[in-house]
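First comes the structure, then the notes that go with it.
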Amino acid sequence: MVVGVLALQGSFNEHIAALRRLGVKGVEIRKPEQLQNVSSLIIPGGESTTMAKLAEYHKLFPALREFVKMGKPVWGTCAGLIFLANKADGQKIGGQDLVGGIDCTVHRNFFGSQIQSFEAELSVPKLASKEGGPETFRGVFIRAPAVLEVGPDVEVLADYPVPSNKVLYSSSTVEIQEENAMPEKKVIVAVKQGNLLGTAFHPELTADTRWHSYFLKLTGEVGEGTSSSIVAVEGE
Ligand code: GLN
């Protein structure tokens, strides 16, 4: 069994390397028919407009949507999360094609541009181990999106406080509200809906493979190096 990694653009090599560290083979996916050879898929971070243009060029969208509809596990990191959202805000002009599947609205560049990229400790109870291993995870946020709204079937796995210098764009009205009006506001940075997983940050750029292990548990694909101590994925 292998895990497909969409390899149009972005951090696909890093995902394949992380899977390898867990003893699992990741294969590059560039054509619709290649999706037939895999039972799960990772959509990496990168730049979602570029990735969407390439996906359009390679006629991948119908096959990707079908893959999601079939209930196969798909994990999107950063630009990949944007791909999996049902709705994206924060477009400069017009929109872009999305695969969709997670009932949420993302803001594509919520945390700002490249120079506003940052790392932060996140609290992720799902990553804690039975033996009392940490639930914190160091998130690498690069021109990162955030999830602004979720539907009732979406499970929130991690959130993060809105930076104090940040204005919050309401997804439905695109009105800007001053941050001072809601000092405690947090935005969602990791979500799960059924077999779909989305993270606004880049676990593939860290040495910590717990998110990859978590995804492999969703797929039923447990690699040799996968920590058996991660709490089992509920309902799977
Ligand atoms: N904000 C970027 C986008 O719109 C995603 C950034 C990333 O994947 N590191 O595609």
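Limited to the range 53-82, what total is found for residues that are part of a helix (DSSP H, G or I) and either more than 9 Å from the ligand (Cβ to nearest atom) or modelled with pLDDT under 95 (or both)?
Of the residues in the range 53-82, the ones part of a helix (DSSP H, G or I) are 53-57, 61-69, 79-82.
Still in the running and either more than 9 Å from the ligand (Cβ to nearest atom) or modelled with pLDDT under 95 (or both): 53-57, 61-69.
Result for the range 53-82: 14.
Taking into account only those residues within the range 20-33 that are in contact with a helix residue (DSSP H, G or I) (Cβ under 9 Å, 6 or more places away or on another chain) and in a helix (DSSP H, G or I), which is farthest from the ligand (Cβ to nearest atom)?
Of the range 20-33, the ones in contact with a helix residue (DSSP H, G or I) (Cβ under 9 Å, 6 or more places away or on another chain) are 21-22, 24-33.
Right, trim to in a helix (DSSP H, G or I) and you get 21, 32-33.
Values: R21: 21, P32: 22, E33: 26 Å.
Per the stated criteria, the residue is E33.
Mind checking which pairs have a first residue in the range 65-79 that is within 23 Å of A144 (Cα to Cα) and a second that is of a type outside the set (S, T, N, Q) and surrounded by fewer than 17 Cβ atoms within 10 Å (Cβ to Cβ), Cβ under 8 Å, 6 or more apart or different chains?
From residues that are within 23 Å of A144 (Cα to Cα), the pairs are A79/E47.
May I ask you to list the residues in the range 95-115 that are under 18 Å from V74 (Cα atoms), part of a strand (DSSP E or B) and in contact with an Asp or Glu (Cβ under 8 Å, 6 or more places away or on another chain)? Reasoning before the result, please.
So the first thing to find is which residues in the range 95-115 are under 18 Å from V74 (Cα atoms), and the list is 97-106.
Checking which are part of a strand (DSSP E or B) leaves us with 102-106.
Those that are under 18 Å from V74 (Cα atoms), part of a strand (DSSP E or B) and in contact with an Asp or Glu (Cβ under 8 Å, 6 or more places away or on another chain): D103, C104, T105, V106.
Please work out which residue is surrounded by the most Cβ atoms within 10 Å (Cβ to Cβ), limiting yourself to the range 37-66 and to residues that are of a type in the set (S, T, N, Q) and closer than 20 Å to F215 by Cβ. Please lay out each step first, then the result.
Taking the range 37-66 as the starting set, the residues that turn out to be of a type in the set (S, T, N, Q) are 37, 39-40, 48-50.
Okay, now just the ones that are also closer than 20 Å to F215 by Cβ, so 37, 39-40, 48.
Values: N37: 10, S39: 17, S40: 22, S48: 30.
Only one residue tops the list, namely S48.
Which one is surrounded by the most Cβ atoms within 10 Å (Cβ to Cβ) among residues in the range 1-16 that are more than 16 Å from the ligand (Cβ to nearest atom) and in contact (Cβ under 8 Å) with a residue 24 or more places away in the chain?
Taking the candidates together, the pick is V3.
Return the residue satisfying two criteria in turn: it lies in the range 41-52 and is within 17 Å of G26 (Cα to Cα) and β-branched (V, I, T), and of such residues it is nearest to the ligand (Cβ to nearest atom).
Among them, the one singled out is I43.
Could you please find all residues in the range 100-141 being among the β-branched types (V, I, T), within 16 Å of the ligand (Cβ to nearest atom) and out of contact with any helix residue (DSSP H, G or I) (no Cβ under 7 Å at 6 or more places or on another chain)? Steps first, answer last, please.
Taking the range 100-141 and keeping what is among the β-branched types (V, I, T), we get 102, 105-106, 115, 124, 136, 140.
Those left that are additionally within 16 Å of the ligand (Cβ to nearest atom): 102, 105-106, 115, 140.
Correct list: T105, I115.
So that you can scan it fast, the table gives a plain yes or no per residue for (1) out of contact with any strand residue (DSSP E or B) (no Cβ under 9 Å at 6 or more places or on another chain); (2) at pLDDT below 95; (3) farther than 20 Å from I102 by Cβ:
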{"residue": "V2", "(1), (2), (3)": "no, yes, yes"}
{"residue": "A7", "(1), (2), (3)": "no, no, yes"}
{"residue": "N13", "(1), (2), (3)": "no, no, yes"}
{"residue": "L19", "(1), (2), (3)": "no, no, yes"}
{"residue": "G26", "(1), (2), (3)": "no, no, yes"}
{"residue": "K31", "(1), (2), (3)": "yes, no, yes"}
{"residue": "L35", "(1), (2), (3)": "no, no, no"}
{"residue": "I43", "(1), (2), (3)": "no, no, no"}
{"residue": "T49", "(1), (2), (3)": "yes, yes, no"}
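Filter the range 142-155 for residues that are within 16 Å of the ligand (Cβ to nearest atom) and under 20 Å from P203 (Cβ atoms) and give the result. Spell out the reasoning first.
From the range 142-155, those within 16 Å of the ligand (Cβ to nearest atom) are 142-148; that's our starting set.
Within the range 142-155, I142, R143, A144, P145, A146, V147 qualify.
The values are calculated or read from the model by the stated rules, or taken from the named source; none is laboratory data. Remember, it's a predicted structure, so these values are computed and weren't measured experimentally. Backbone-built Cβ (ideal geometry, glycine too); neighbour counts: all protein chains shown.
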